[in-house]
Amino acid sequence: MQLAHSSQRSRLFWTPLLAAAFAVTAGAQDLDPTGASTAPRAPNHAVAPTSAAPSSAAAGSATLIYTNIPGLPQAGVPGLPGVSFKPGTSTTNIDRVYGSPNGNWILTALTDLATADDEVVLVNGVLVQQEGQPGPWTGGVENCGTIDQNCAVNDAGDFTFATNTDGPATADDYIVTNVGGVWGFSAMEGQSIAALPGNTYDDSLDSPVLLADGTSGFSADGVDGTVVAGQDELLIVGSTLLVQAGVTIPPGQAAGGTEFMETLDFGDFWITPDGSSWLVQGDLTGPIATDDVVLVNGSVVLQEGTIIPGSGFTDPIDNIGIVGVHMDPGGNWFARGNNDVTEQDWVVRNGVVVATLGMPITPGATELWDDATFGDCFYLHVGNANGDYVIGGVTDNADELRNGVLILNGTTEICREGDPVDLDGNGLFDDDAFVNTFGNDDAFLSSAGTFYMVITVKDGAGTVLGQGFFSLDTGAGGPGSPYCTAVANSTGQAGSLTASGSAVAADNDVTLLASSLPTNAFGFFITSQTQGFAMNPGGSAGNLCVLGAVGRYVGPGQVQNSGGSGSFSLTLNLAQTPQPTGFVSVAAGETWNFQTWHRDFVGGSVTSNFTNALEIQFQ
């Protein structure tokens, strides 16, 4: 195999190295496009693994970010040396993850510290707040208390969460914000309510959401002041009052009903980044058999005790039959639940039933959605800004240890109960570790098609080992399908390669994005029409997954630096695709594979690593 790149001068410079510098030998080093020879270099040649080599993780397999399984590097809490995530089989030690369109994420978790100090908030792997430590939004004079599960983060990295402190009992609850790196709060117990003059917030502030511009929203209950009983629960975004219990009469109620909103469900408030669409679940003041509703932009779209419009069902939604709701960044709304009498389980997206009992899990499949082994067939539904979505549910698979599944866009299985997972980050399924259960709603889907999930993990004997927070490249976010799991780099995460644009060769519109890289590390993209697998080529810490005639994008302006964001991108010229013999044009019908090589620094030593690889079938 040979490497080429898009700089003729550099290609001539590297010609003497092509035969040897890529050889996987004890003396091979990592290639450095600058020509320096004092540090390890990126591999220049790789051989296919022998039949005795362990098999690599399959395409689309999950990458571990954090875990509470003792003994693994990812069990350590970032920012707290010597502290680990709380071990055990609980499904909430690492709690639900929330994310933004570009893949920023936030979650809360428990550690093995004493109870008064054990909860933390993580944003993109950075510890931003710990229970029992001073709250910056208070000027450091009050210590943070317990933190609600529900959090939010936007594309800019701003975030919000709800907590209380050890401050005065009448002013200790907060909706905390961090916008542009500046701590603050959008609501505090005892604070005057701009959206409802003459009133103050009480001690129930929850369900925070965040817009792209840093404006936050939340639910407030038990408001004090001029409001009367039954009108003291609010839904607010910025200074706008969206819903007030006992005052708001949402349109669209069954049979032309005119009931007031009575309560709002905890954690069931969603809003798009631009604030143009929002969803909340709550109860009306009417009869208990018909009081549970889902509002989208203030109007009822689903109501307990009524038949889902256009569904073809003959039975209405059961009492307490709306189990979960979600709105993705594109404004598409989801709900799941079950019907009365038949207990038919379903998932609706924008009012259309996209999954229900007895339906094939994918078109033409003989495996059907089924609730024989799980009270509610469906446990998860999330979508992204592009309109992609993932549904999680249980099937009629005869193997009850393999009947939990995740389906992308109603057509593609992306993960299943019992699938092997790579815990040690070596890119191999050699850890005796498997998917046990998927958490209810414990996931989000980025615009790039990366699926983040919190699951439980078991060994081959069925013993639950603990939880894992994983990412999974679904290939839904742009052209190409990911393959070949990357080895975790010095950040503790595996580098990710995705693409945007078009798979139509004539469009000449493909941009590669490498993310989750070490900060301020240089690297470049490589390409080939041949897939393969070589572990630690040339002394690299990662896996090379493009073999054969490999081209390097190391021409002027193409060698990149990850900077402070840990990412870089390159817009390709498909008419100037590097190969060992020069440049070629990508043609319709051809399949090209891409990967990212990058510098890294581990344990005091300079090394290198690779992202996953990406296959693009051009049309």
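The values are calculated or read from the model by the stated rules, or taken from the named source; none is laboratory data. From a predicted model like this one, the values you see are computed outputs, not experimental measurements. Glycine also receives a Cβ, built like all others from the backbone with ideal geometry; neighbour counts cover every protein chain displayed. Calculation scope for accessible area: heavy atoms of the full protein, side chains included, ligands and nucleic acids excluded. Shrake-Rupley method; radii C 1.70, N 1.55, O 1.52, S 1.80 Å.
Could you tally the net charge around Tyr483, taking each other residue with its Cβ under 10 Å from the Cβ of Tyr483, Lys/Arg +1 and Asp/Glu -1? Numbers along the way, then the final one.
Working: positive: none; negative: Asp473, Glu615.
Spelling it out: positives minus negatives among the neighbours equals -2.
At a probe radius of 1.4 angstrom, the accessible area of region 142-241 per residue rounds to 36 square angstrom.
When cysteine pairs in the chain are screened for C-beta atoms closer than 4.7 angstrom, the residues that find no partner are Cys144, Cys151, Cys377, Cys415.
Just checking my list [x] 25.9; [y] 36.6; [z] 31.9 against Kirkwood radius over Cα pairs in Å computed from this structure; which label fits? Comparing each candidate, only [x] matches the computed number. Pair-distance distribution of region 172-228: all C-alpha pairs, bin width 10 Å, starting at 0; shares per bin in whole percent are 24, 52, 22, 2. Distant-in-sequence amide contacts of Gly324, defined by a placed amide H-H separation under 5 Å and a gap of 5 or more residues or a different chain, comprise Arg336.
Contact order normalised by length for the chain, with contacts defined as Cα pairs under 8 Å and 6 or more residues apart; what percent is it? The partial results should precede the final answer.
Numbers: 1807 pairs, mean separation 88.0, N = 619.
It comes to 14 percent, rounded to a whole number.
When Rg and the Kirkwood Rh are both derived from Cα coordinates, the Rg/Rh ratio for region 491-619 amounts to 0.96. With all pairs of separate Cα atoms included, region 389-473 yields a Kirkwood hydrodynamic radius of 13.3 Å. Counted by Cβ distance under 10 Å from Ala372, the other residues give a net charge of -4, where Lys and Arg count +1 and Asp and Glu count -1.
All other residues whose Cβ lies under 15 angstrom from that of Pro73 are scored, Lys and Arg at +1 and Asp and Glu at -1, for a net of -4.
Using Cα centres only, tell me the gap between region 57-123 and region 425-476 in whole Å. Cα centroid of region 57-123 versus Cα centroid of region 425-476: 12 Å apart. At a Förster radius of 30 Å, what calculated FRET efficiency corresponds to the Cβ-Cβ distance of Val141 and Val464, to the nearest 0.05? Efficiency, from the Cβ-Cβ distance: 0.10. Within the accessible area of the chain, the carbon and sulfur atoms contribute 52%, probe 1.4 Å, all protein chains present. Note that region 219-320 shows a convex hull volume over its alpha carbon atoms of 110 Å³ per residue.
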